[in-house]
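Right, one structure below, let's go through it.
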Amino acid sequence: SEENPVVKANQQLLLLLPSKNVKVVTVTPKTTISLGKFGSFKSDDIIGTPYGLTYEIHENKTIVPIAPSAIDEIEDDVGNNRELNDDATAQTLTWQEIEALKKDKNIQGKEIVEKVMAAHSNFDKKTEFAKEKYQRRKEQKFLRGFTVLAPTLPTICDYLWTRDQHRILDIRTSSLSYILAQANVFPGGRYLVVDDTGGLIVAAMLERMGGEGTLMVLHENEHPALDVCRYFNFSPRQLSPVKSLSWLQALHPEETDPRPEMPALEAIVDGKGHNAAKRLAGRLKSWGRVDKAQKDFLEGGWDGCVVVSTFDPVTIVPAILPYVEGSRPVVVYAPHKETLLQLSIHLHNGTKRQILAPTIVSLRAREYQTLPGRVHPMMTMGGGGGWVLSGLRVLPSDIEAVAGSARQ
Amino acid sequence: SEENPVVKANQQLLLLLPSKNVKVVTVTPKTTISLGKFGSFKSDDIIGTPYGLTYEIHENKTIVPIAPSAIDEIEDDVGNNRELNDDATAQTLTWQEIEALKKDKNIQGKEIVEKVMAAHSNFDKKTEFAKEKYQRRKEQKFLRGFTVLAPTLPTICDYLWTRDQHRILDIRTSSLSYILAQANVFPGGRYLVVDDTGGLIVAAMLERMGGEGTLMVLHENEHPALDVCRYFNFSPRQLSPVKSLSWLQALHPEETDPRPEMPALEAIVDGKGHNAAKRLAGRLKSWGRVDKAQKDFLEGGWDGCVVVSTFDPVTIVPAILPYVEGSRPVVVYAPHKETLLQLSIHLHNGTKRQILAPTIVSLRAREYQTLPGRVHPMMTMGGGGGWVLSGLRVLPSDIEAVAGSARQ
Amino acid sequence: MSVFGGYKKTISEGDLVLAWITRDNIQPIIVTPGKIFNNRFGSYHHEDMLNLRYGSQMLSKTGHGFIHLLHPTPELWTLSLPHRTQILYTPDIAFVTSMLALKPGSKMIESGTGSGSFTHALVRTVGGTGKVWTYEYHERRFEAAKEEFIEHGMLGDGLPLTITHRDVCKEGFDIEGETLDAHAAFLDLPAPWEAIPHLSRVISKKRQIRLCCFSPCIEQVQRTLAALRANGWSDLQMFEIVHRNWEARQTLITPLSSAIDRLREVRDKRRLPPGEARKDLPKKRVKEGEEGYDWRAVSVGEKEVKGHTSYLTFAVMAPGEHEEVGGEGEDVEEHAG
Amino acid sequence: MSVFGGYKKTISEGDLVLAWITRDNIQPIIVTPGKIFNNRFGSYHHEDMLNLRYGSQMLSKTGHGFIHLLHPTPELWTLSLPHRTQILYTPDIAFVTSMLALKPGSKMIESGTGSGSFTHALVRTVGGTGKVWTYEYHERRFEAAKEEFIEHGMLGDGLPLTITHRDVCKEGFDIEGETLDAHAAFLDLPAPWEAIPHLSRVISKKRQIRLCCFSPCIEQVQRTLAALRANGWSDLQMFEIVHRNWEARQTLITPLSSAIDRLREVRDKRRLPPGEARKDLPKKRVKEGEEGYDWRAVSVGEKEVKGHTSYLTFAVMAPGEHEEVGGEGEDVEEHAG
């Protein structure tokens, strides 16, 4: 069974700030981690602690665990407090006075909030609910502290989407989860993946593989771009399923350089022999890695493929389909439905229906406000989320032999 | 102010049956209207009564107004009554016994329901809620009666959609309402309309015009297809804004036959003179109608256009745009988003941006179950509803003169 | 006749013009010669607007910016309102209008008036032969709406609109000296269940009456449903309008072969002796839709989707006698038939 | 290793094969030589399936019909279940799995087992190193699920699944002789608020615990939220998964000019003397995608859209001590902080 996860030295850590923004920090031992206006704390104080704790930062960078608030939402913009003229003039503390409070090291965030609330001239007129809302708003502004987030797929996906949704091709947790289910990702499976999101898809699949099986990454540049994996803090074992080939190496193995030859005798005797041998060893190792991955890929019989790419899937899917085993899923994501529409029509017309019932699905997780007495869908929701086409590779009775031979 | 509407002799009437299906009948005076297993009644008994009443049918085709049930829904399929084995064997009355009850003219529907419920062996085990649900189901089966529906746009649109959604191009109340709003339809406006739904769009616009203004119908066949209007039971005044032209008459007025000439003298003297004169009068009237409509259309300055067509809007909108006045709405509906996508790109590239900020909108009315303690969105909802592109015709500063001259 | 229920062709002095800068920035202007409308892209003199046709694109004096001079409509007016207040938007307004079966001649109750966005659409739809009674509790909002309605030619002698400063939950809808006999009602109130019992006094008994309650939270809907049942309303239906705006765009179609070509290029460059031209060719920036490339038409949803406006609860009162009964319905037993 | 967490290449005797007839008709078959699978398009002999590769299209003996022989997966299994029972579908299952952060090694509580559709996905995801405890109150359903799990190789010695016949609302989740220390829980119960207080005894205190409650009605969500607050759960979130299936189609692009051409044709025919060829040409039926015509690729939504499955309420328990407190939370004051 999985170990109880704790914060490790040198890991990437996602922290939730009182502003509800997420900040990524590196937990370098024996350093101070600064959260700007939300305070600073010592990295050693959190190493070895479980994920999910919330801390307030006190004097001298000390952190104190506090109870997470059960109601940790700010109400969405519902105009139910219309009677109150909630403008800036209602606040009787000046901006300078509040700043002075904030600079006073002897006053904690909670106290500032209380002072600010007490100084609000209309505060008594507010409904109980509005008071709470006001308090939460002020806490966001003045509290010093953070919550240690567990590096889960939804947390990381949301963080990346908020930072730059285009970089991850607009994918959201709902679509990504659906991809993992439709692709039937489990420990020990052998999957092909095309991932132009910087590694989010690879990471999500790796997490579900638990260090068993093979994940063949097909990439557009010389090396795969898998930066996103670092947020997941994978162990070497969890990373072990990854193999990779560039598209050139995968689809045109005949163009691969031959096995590096022994260097000429001169290279060894001219005094640089040691370096040359090392270089050779490196080149040999790299060649061997590619050679093995190519043999693996060409052997076929893969347990499914997941394509999330900036290249037209109409040109990708037919190229890799012969290497996918029968009754195994083909799952393609695109930020625009029209891209998958073309793919679907192409599959229907072009490849003798080797994909059973390709279906395009849109998935959105519609979030609700959960405040007591105030339940409703969020007034605004982020767009995006993309589209997923999925189907199963099948073997039409009349091309069975052909399909088989393509994969010898 | 609008008169209080009542059922009129010879009108088309929509009746809601206990099965929740809608049936259209013609209210011919002094006849019997049959609702099949839900009974028969005399047309005269409802002529002159207001819309919205619910009747039970008693002996001798007499109808008795009854209170509409406040809870008139059957619960959607939520599996909250899992414990009960609600299979056919739980009913101790045989099918034959129930049929005998139904045939007994002395027993009303409500009584049958009671007998059937009493005979249900598990009835006591059901929750209060499930009992009510069961009762409603049985009422649907055994009650004789109906509700007189007011011929409103939502009622008629739902009826047509259920009968044949393709015939009305998949349009639903939500999209149709949005079209009327975006097209700014009001009494006295002058609108162009292309309606390939059999008249639903025309009818909806006519209803909002209240007999004032002009509604120019552009049609693909020799005569406009406006059958749907009959469900709205319009008065002659309400219908008066309609004028119509075929596409040939509208866009190629030069091909219109010249004014019919006086017949040759022989036609009058050979004894058929009277008929020939009558024919001529008819042809002259028809020619005059077309001629007037053509002048109207070509004069331009229309207060907006609504296009709901089976023809590609890319070929329709540029053809009629010159006749639409500046700052007036252009609203196009299509059952598929892709059709409007092409139109939008065409408008952007092709016509020097004569339409301001064309936007494609999808609208769905998501219905909820409203039963006490059981509120949730309906488990299934009909698809469809289509897409609406809307924008405003504008006059780019550099083509103002050109645009003006097209409409002289 | 208000400008919100009629059209003009050209702009005259004193006209209300909506200056479209962007979709999110539409500014109302009363055309007043001598005045100048400024935005960060330029200046526009009101007198230059005179006699222009509505819909005209107007260039700024410097020629860098432009605006479009639009004719007011209830829909554009709604778009032009500052988004910070709770407004009824067109998708909801449009659906409610149809569900309440409004048309020329309809007699309609609205409370509260709020920003007046629905009121504009109502006045347009009921026309000169209908009636709209609107009620607003909040005094400042009442005053602002009244002033605006007068300015827009919607309020005044012989016009179909009446606005009343009133807490309808406490004082009901009666208007002295007037028999309302309303056909339909729309309640956008925090506690519609307090107002529902008052409706029976002011709605027509000769016809079917339609009601819509507009509530953001589900708990409000639940109490409203109970009150409707207790007060004899039937055919209870609840909807949410789910709408989304899309824009057409074109995206470049990039075939996999282009990746393979580039990989070959990189490989071939590496095979060159060190020092020889290894630098990449600068990537050319392609303009959307540029010729010589493959483009795919795609639809792109808004960035910020309106996830929810409000729940729309509809009910019908059958023709006939309806007494003031039932109160707010809080004592109604759950699952009661 | 269950067939629901592993793949085979070819079909052998005794294998579970899913015969795909249509998307709405997928039939499970245990391959038994001598048996015949019949549907209205033909007959398929089990022995002919032996040694075929999974995914093969199999023609019927008459050659008129065909089926596809598919490898079981939790997703296909869910699709194959009769739709009349309340099932968890893949879009919800997938989202819940991610939100509960399930992966190989996770220890998971599920109640009730229901149709077992989620259980199949859970067993696949937690793998051989994880644990799934599932509880079912309804006896007949418990027996059916147990039998099915055994048949599917998911239940048995050394396997990660445990099924218990239990009303968890009354008796809680404890299993004699076992320390659960679960990481996550999923409650698909009519009254999850009755089960929530029992969770604290069986969840790990050394880590963050995640919970999901699956409820069709909003009133259930409201009571669940109150119970979660009263029992120390935080980070309450509620979602609905809105999903829709689309199919690609091609529609004919008909230009307006074709209408005008036809109008001319009709006019010209009428000008002919009566009696001369006036009959219309028969309309040719065009096949979708046929060459020589203009086609537009369009997406068509399902006819019957799943409007709602359930509300998904999520909550988190921070690491540390959590006592049995709070009960069902019904006495929690509204708006309490």
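Considering the range C:28-56, and only residues there that are modelled with pLDDT of 95 or more and polar (S, T, N, Q), the residue that is nearest to residue C:75 (Cα to Cα) turns out to be C:56.
Restricting the first member to the range A:288-315 and to residues that are modelled with pLDDT of 95 or more, and the second to residues that are in a helix (DSSP H, G or I) and small (Gly, Ala, Ser), the beta-carbon pairs closer than 8 Å and six or more apart or on different chains are A:294/A:250; A:297/A:250; A:311/C:258; A:311/C:259; A:315/C:257. For residue D:98, only one of the following conditions fails: (1) in a helix (DSSP H, G or I); (2) surrounded by fewer than 20 Cβ atoms within 10 Å (Cβ to Cβ). What is its number? It fails just one condition, (2). In the set (1) at the interface with chain C (Cβ under 7 Å from one of its Cβ atoms); (2) within 22 Å of residue D:311 (Cβ to Cβ), residue B:374 fails one condition alone, (1). Pick from the range D:59-83 the residues that are within 25 Å of residue D:245 (Cβ to Cβ), of a type in the set (A, V, I, L, M) and part of a strand (DSSP E or B): which of them is nearest to the chain's Cα centre (by Cα)? Applying the filter and picking the extreme gives D:70. Of all residues in the range A:290-349, those satisfying the criterion of being within 14 Å of chain D (Cβ to nearest Cβ), hydroxyl-bearing (Ser, Thr, Tyr) and under 25 Å from the mean Cα position of the chain (by Cα) are A:333, A:339. The set of residues from the range C:31-59 being basic (Lys, Arg) and more than 14 Å from chain B (Cβ to nearest Cβ) comprises C:35, C:40. Residue D:162 versus (1) more than 10 Å from chain A (Cβ to nearest Cβ); (2) crowded, with 18+ Cβ neighbours inside 10 Å; (3) over 23 Å from residue A:368 (Cα atoms); (4) in contact with a Ser or Thr (Cβ under 8 Å, 6 or more places away or on another chain): which is the lone unmet condition? Of everything listed in (1) more than 10 Å from chain A (Cβ to nearest Cβ); (2) crowded, with 18+ Cβ neighbours inside 10 Å; (3) over 23 Å from residue A:368 (Cα atoms); (4) in contact with a Ser or Thr (Cβ under 8 Å, 6 or more places away or on another chain), residue D:162 misses just condition (2). Condition test on residue C:69, is it touching a residue at least 12 places away in the same chain (Cβ under 8 Å), surrounded by 15 or more Cβ atoms within 10 Å (Cβ to Cβ) and under 30 Å from residue C:188 (Cα atoms)? No, not satisfied.
Would it be correct to say that residue D:100 is aliphatic (A, V, I, L, M), in contact with a Phe, Trp or Tyr (Cβ under 9 Å, 6 or more places away or on another chain) and farther than 21 Å from residue D:175 by Cβ? So residue D:100 does not fit the description; no. With respect to residue A:364, determine if the residue is within 8 Å of chain D (Cβ to nearest Cβ) and either at pLDDT 95 or above or in contact with an Asp or Glu (Cβ under 6 Å, 6 or more places away or on another chain) (or both). For residue A:364, the condition - within 8 Å of chain D (Cβ to nearest Cβ) and either at pLDDT 95 or above or in contact with an Asp or Glu (Cβ under 6 Å, 6 or more places away or on another chain) (or both) - is not met.
Out of everything in the range C:101-131 that is under 12 Å from the mean Cα position of the chain (by Cα) and of a type in the set (Gly, Ala, Ser), what residue ends up being surrounded by the fewest Cβ atoms within 10 Å (Cβ to Cβ)? Across the range C:101-131, the extreme among qualifying residues is C:115.
Cβ separations smaller than 8 Å between residues 6+ apart or across chains give the following pairs from the range D:255-266 residues that are within 7 Å of another protein chain (Cβ to nearest Cβ) to residues that are acidic (Asp, Glu) and in a helix (DSSP H, G or I): D:264/B:255. When the range B:1-54 is filtered for residues that are loosely packed, with under 14 Cβ neighbours inside 10 Å, within 14 Å of another protein chain (Cβ to nearest Cβ) and not small (Gly, Ala, Ser), the ones remaining, listed by number, are B:3, B:20.
Name the residues in the range A:384-400 that are part of a loop (DSSP other than H, G, I, E, B), within 7 Å of another protein chain (Cβ to nearest Cβ) and in contact (Cβ under 8 Å) with a residue 24 or more places away in the chain, would you?
A:394, A:396
Is there any pair linking a residue in the range D:289-318 that is closer than 26 Å to residue D:226 by Cα and in contact (Cβ under 8 Å) with a residue 40 or more places away in the chain to one that is in a loop (DSSP other than H, G, I, E, B) and hydrophobic (A, V, I, L, M, F, W, C), with Cβ under 7 Å and at least six apart or on different chains, and which? Note: pairs meeting the criteria are D:308/B:378; D:308/B:379; D:315/D:233; D:316/D:233; D:317/D:233; D:318/A:53. Restricted to the range B:208-234, and to residues there that are away from chain C (no Cβ under 14 Å) and surrounded by fewer than 19 Cβ atoms within 10 Å (Cβ to Cβ), the residue that is farthest from the chain's Cα centre (by Cα) is B:222. Scanning the range B:283-304 for residues that are out of contact with any helix residue (DSSP H, G or I) (no Cβ under 8 Å at 6 or more places or on another chain), within 10 Å of residue B:243 (Cα to Cα) and either aromatic (Phe, Trp, Tyr) or exposed (fewer than 14 other Cβ atoms within 10 Å of the Cβ) (or both) returns B:289, B:292. Selection of the range D:194-216 for residues being within 14 Å of another protein chain (Cβ to nearest Cβ) and in contact with a Gly (Cβ under 7 Å, 6 or more places away or on another chain) yields D:205, D:208.
Take the residues in the range C:178-193 that are more than 25 Å from the chain's Cα centre (by Cα) and in contact (Cβ under 8 Å) with a residue 24 or more places away in the chain, then tell me which one is nearest to the other protein chains (Cβ to nearest Cβ).
Going through the qualifying residues, I end up with C:181.
So, residue D:250, is that one within 12 Å of chain A (Cβ to nearest Cβ), at pLDDT 95 or above and buried (at least 18 other Cβ atoms within 10 Å of the Cβ) or not? Spelling it out, it is not the case that residue D:250 is within 12 Å of chain A (Cβ to nearest Cβ), at pLDDT 95 or above and buried (at least 18 other Cβ atoms within 10 Å of the Cβ).
Scanning the range B:30-64 for residues that are in contact (Cβ under 8 Å) with a residue 24 or more places away in the chain, of a type in the set (Gly, Ala, Ser) and farther than 25 Å from residue B:3 by Cβ gives a single hit, B:39.
Report the residue count in the range B:167-193 for those that are in a loop (DSSP other than H, G, I, E, B) and within 11 Å of another protein chain (Cβ to nearest Cβ).
So the count comes out to 9.
In the set (1) at pLDDT 95 or above; (2) facing another protein chain (nearest Cβ under 7 Å); (3) surrounded by fewer than 21 Cβ atoms within 10 Å (Cβ to Cβ), the condition left unmet by residue D:238 is number (3).
The values are calculated or read from the model by the stated rules, or taken from the named source; none is laboratory data. Since the structure is predicted, the reported quantities are computational estimates derived from the model, not experimental observations. Glycine gets a Cβ as well: all are built from the backbone with ideal geometry, and neighbour counts include every protein chain shown.
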